[in-house]
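Colleague: Sharing a structure below in structure tokens format, with a few things to ask.
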Amino acid sequence: MSVPSLPTGLPVGHHRPRRLRSTRRMRRLVGETRLHPADLVLPLFVKEGLTEPRPIASMPGVVQHTEETLADAVRAAAEAGVGGVMLFGIPEHRDATGSQADAEDGILQRGIRLARAVAQEAETTTGRAPVVMADTCLDEFTDHGHCGVLATGHDGGVVVDNDATLERYASMAVAQARAGADVVAPSGMMDGQVGVIREALDAAGYSDVGVLAYSAKYASAFYGPFREAVDSTLQGDRRTYQMDAGNAREGLREADLDLAEGADMVMVKPAGSYLDVLAAVAEMSPVPVAAYQVSGEYAMIEAAAANGWIDRRAAVTESVLGIKRAGADVILTYWALELAGWLHDETFGGTR
């Protein structure tokens, strides 16, 4: 039995998608998804009492800043064109209610004032400055490490008191706005947090301060290195208020509730393992959608690259591009400063 010969070429007019991949300049021209430094937000940690930056072992290249080096980091972000900075404060003193969280002279408020001054200077001199954002949560400030005020539950166990925590968040948000935050970012996953904060800001005369809601925040194993970054004292977990990893519809419901309460932006966290949730939220949201590439995602790529298993720059870029492709308008990533520098050299999303 004879085997029919294969055609010497494809039929005239046959589809050849590879034509649009044939050269680097062609790939650059037709790339569907592009990153820009203004898309990126750089998370920054400032720790009270430090005399020099303290490296975070599980997050190579990331440090706990002194107040002086925090200002330097914000200045570098401004020069690179990064869209925003997200500040986390680590106090020397912690207590059950996180009293330093809303203290006028607390480390986070001092950090906000420094960042705002640097941003204003950059705006005046270059016309380009990062938006100053602040984490609005109690976990860095409480001696128990939970995101809220503790109480005794109906079964005699310890629980996070949702409504008592809302009072603390409202006070914290106003303190951050007074210090100069452009955006406050409630991340504790308390029911009603966005509405209470919005009301408090408006009542205090800060109606122009935005609220970035951590809407779909999952109880994730990828937060591990972050706990080192903020010197967390948490024992146990946060599963009674952060979301279960298997729930996608619930993430949409949380985003919808935050939108109804007046959120100016909504967030999905973590990003990489929840791209389906991110895409669904982006499809339904009438406001910008943020995604947080968390500490564990950062640490995995850094560790693999340090072992020579992956191309670091390519992996970093691909991971952030995937978040953008899924629908994020704003991406919080510890690589924001470095990635912004790369983006000045080439446009990603079809250069390889």
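The values are calculated or read from the model by the stated rules, or taken from the named source; none is laboratory data. Keep in mind that this is a model prediction, so the values were computed, not measured. Neighbour counts run over all protein chains shown; Cβ positions are idealised from the backbone, glycine included. SASA here: full protein model, heavy atoms, side chains in, ligands and nucleic acids out. Shrake-Rupley method; radii C 1.70, N 1.55, O 1.52, S 1.80 Å.
Colleague: When you scan the range 157-165, do you find a residue that is at pLDDT 95 or above, in contact with a helix residue (DSSP H, G or I) (Cβ under 6 Å, 6 or more places away or on another chain) and surrounded by 15 or more Cβ atoms within 10 Å (Cβ to Cβ), even just one?
Modeller: Taking every residue of the range 157-165 in turn, none turns out to be at pLDDT 95 or above, in contact with a helix residue (DSSP H, G or I) (Cβ under 6 Å, 6 or more places away or on another chain) and surrounded by 15 or more Cβ atoms within 10 Å (Cβ to Cβ).
Colleague: Assess whether ASP72 counts as being modelled with pLDDT of 95 or more, over 25 Å from GLY224 (Cα atoms), in a helix (DSSP H, G or I) and open to solvent by 60 Å² or more (accessible area, probe 1.4 Å).
Modeller: Details: modelled with pLDDT of 95 or more: yes; over 25 Å from GLY224 (Cα atoms): yes; in a helix (DSSP H, G or I): yes; open to solvent by 60 Å² or more (accessible area, probe 1.4 Å): yes.
Yes.
Colleague: Does any residue of the range 75-96 turn out to be modelled with pLDDT of 95 or more, within 22 Å of the chain's Cα centre (by Cα), among the small types (Gly, Ala, Ser) and at positive phi?
Modeller: yes
Colleague: Can you name the condition, by its number, that PRO225 falls short on among (1) surrounded by fewer than 23 Cβ atoms within 10 Å (Cβ to Cβ); (2) of a type outside the set (Val, Ile, Thr); (3) out of contact with any Ser or Thr (no Cβ under 6 Å at 6 or more places or on another chain)?
Modeller: So the condition that PRO225 fails would be (3).
Colleague: Suppose we keep only residues that are open to solvent by less than 100 Å² (accessible area, probe 1.4 Å) and assigned to a loop (DSSP other than H, G, I, E, B) within the range 19-33. Which one would you say is nearest to ALA221 (Cα to Cα)?
Modeller: Residues of the range 19-33 open to solvent by less than 100 Å² (accessible area, probe 1.4 Å): 20, 22-23, 26-27, 30-31, 33.
Checking which are assigned to a loop (DSSP other than H, G, I, E, B) leaves us with 22-23, 31, 33.
Working: SER22: 41, THR23: 40, GLY31: 33, THR33: 29 Å.
Here the answer is THR33.
Colleague: Somewhere in the range 217-231, is a residue among the acidic types (Asp, Glu), at positive phi and touching a residue at least 40 places away in the same chain (Cβ under 8 Å)? Give the steps one after another, and end with the answer.
Modeller: Initially, the range 217-231 is screened for residues among the acidic types (Asp, Glu), giving 228, 231.
When the remaining residues are screened for being at positive phi, the result is 231.
Okay, now just the ones that are also touching a residue at least 40 places away in the same chain (Cβ under 8 Å), so 231.
Within the range 217-231 (the criterion being among the acidic types (Asp, Glu), at positive phi and touching a residue at least 40 places away in the same chain (Cβ under 8 Å)), the answer is yes, since at least one residue qualifies.
Colleague: Now a separate question. Condition (residue is basic (Lys, Arg) and open to solvent by less than 50 Å² (accessible area, probe 1.4 Å)) applied to the range 178-185: is it met by at least one residue?
Modeller: Applying the first criterion (basic (Lys, Arg)) to the range 178-185 yields 178.
Then drop every residue that is not open to solvent by less than 50 Å² (accessible area, probe 1.4 Å), which leaves none.
The answer is no, given that none of the residues of the range 178-185 is basic (Lys, Arg) and open to solvent by less than 50 Å² (accessible area, probe 1.4 Å).
Colleague: Of the residues PRO130, PRO53, which is under 18 Å from ALA181 (Cβ atoms), crowded, with 18+ Cβ neighbours inside 10 Å and not aromatic (Phe, Trp, Tyr)? So that I can check it myself, show each step before the final result.
Modeller: Values: PRO53 fails: under 18 Å from ALA181 (Cβ atoms).
Residue meeting the stated conditions: PRO130.
Colleague: Any residue in the range 133-153 that's at positive phi: show its pairings with residues that are among the charged types (D, E, K, R) at Cβ separation under 8 Å, as long as the two are six or more apart or on different chains.
Modeller: GLY145/ASP139
Colleague: I need every pair where a residue in the range 30-48 that is of a type in the set (Ser, Thr, Tyr) has its Cβ under 7 Å from the Cβ of a residue that is open to solvent by 10 Å² or more (accessible area, probe 1.4 Å) and not in a loop (DSSP other than H, G, I, E, B), sequence separation at least 6 or different chains.
Modeller: Partner pairs satisfying both residue conditions: THR33/LEU321; THR33/LYS324; THR33/ARG325.
Colleague: Still on this structure, I have one more. Determine if the range 238-250 includes at least one residue that is under 18 Å from ALA282 (Cβ atoms), open to solvent by 50 Å² or more (accessible area, probe 1.4 Å) and not polar (S, T, N, Q). First the steps, then the outcome.
Modeller: Pass one, the range 238-250, residues under 18 Å from ALA282 (Cβ atoms): 243, 247-250.
Next, only the ones that are open to solvent by 50 Å² or more (accessible area, probe 1.4 Å) stay: 247, 249-250.
Add one more test, that the residue is not polar (S, T, N, Q), and what stays is 249-250.
Yes, the range 238-250 contains a residue that is under 18 Å from ALA282 (Cβ atoms), open to solvent by 50 Å² or more (accessible area, probe 1.4 Å) and not polar (S, T, N, Q).
Here is a yes/no grid of residues against (1) touching a residue at least 12 places away in the same chain (Cβ under 8 Å); (2) of a type in the set (A, V, I, L, M):
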position	(1), (2)
ALA282	yes, yes
ALA291	yes, yes
ALA306	yes, yes
ILE310	no, yes
LEU321	yes, yes
GLU338	yes, no
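Colleague: When only residues in the range 286-300 that are more than 12 Å from the chain's Cα centre (by Cα) and more than 21 Å from ARG312 (Cα to Cα) count, which is least open to solvent (accessible area, probe 1.4 Å)?
Modeller: Checked the range 286-300; the qualifying residue least open to solvent (accessible area, probe 1.4 Å) is VAL287.
Colleague: Out of the range 48-69, which residues are assigned to a helix (DSSP H, G or I), among the charged types (D, E, K, R) and out of contact with any helix residue (DSSP H, G or I) (no Cβ under 8 Å at 6 or more places or on another chain)? Even if it seems obvious, please write down each step before you answer.
Modeller: Within the range 48-69, the subset assigned to a helix (DSSP H, G or I) is 67-69.
Next, from what is left, pick out any that are among the charged types (D, E, K, R): 67-68.
GLU68 - this is the single residue of the range 48-69 that is assigned to a helix (DSSP H, G or I), among the charged types (D, E, K, R) and out of contact with any helix residue (DSSP H, G or I) (no Cβ under 8 Å at 6 or more places or on another chain).
Colleague: Being touching a residue at least 40 places away in the same chain (Cβ under 8 Å), part of a loop (DSSP other than H, G, I, E, B) and small (Gly, Ala, Ser): is that true of SER273 here? Write out each step before concluding.
Modeller: Details: touching a residue at least 40 places away in the same chain (Cβ under 8 Å): yes; part of a loop (DSSP other than H, G, I, E, B): no; small (Gly, Ala, Ser): yes.
For SER273, the condition - touching a residue at least 40 places away in the same chain (Cβ under 8 Å), part of a loop (DSSP other than H, G, I, E, B) and small (Gly, Ala, Ser) - is not met.
Colleague: Restricting attention to the range 151-161, does a residue exist that is under 23 Å from the mean Cα position of the chain (by Cα) and under 21 Å from GLY251 (Cβ atoms)?
Modeller: Within the range 151-161, not a single residue is under 23 Å from the mean Cα position of the chain (by Cα) and under 21 Å from GLY251 (Cβ atoms).
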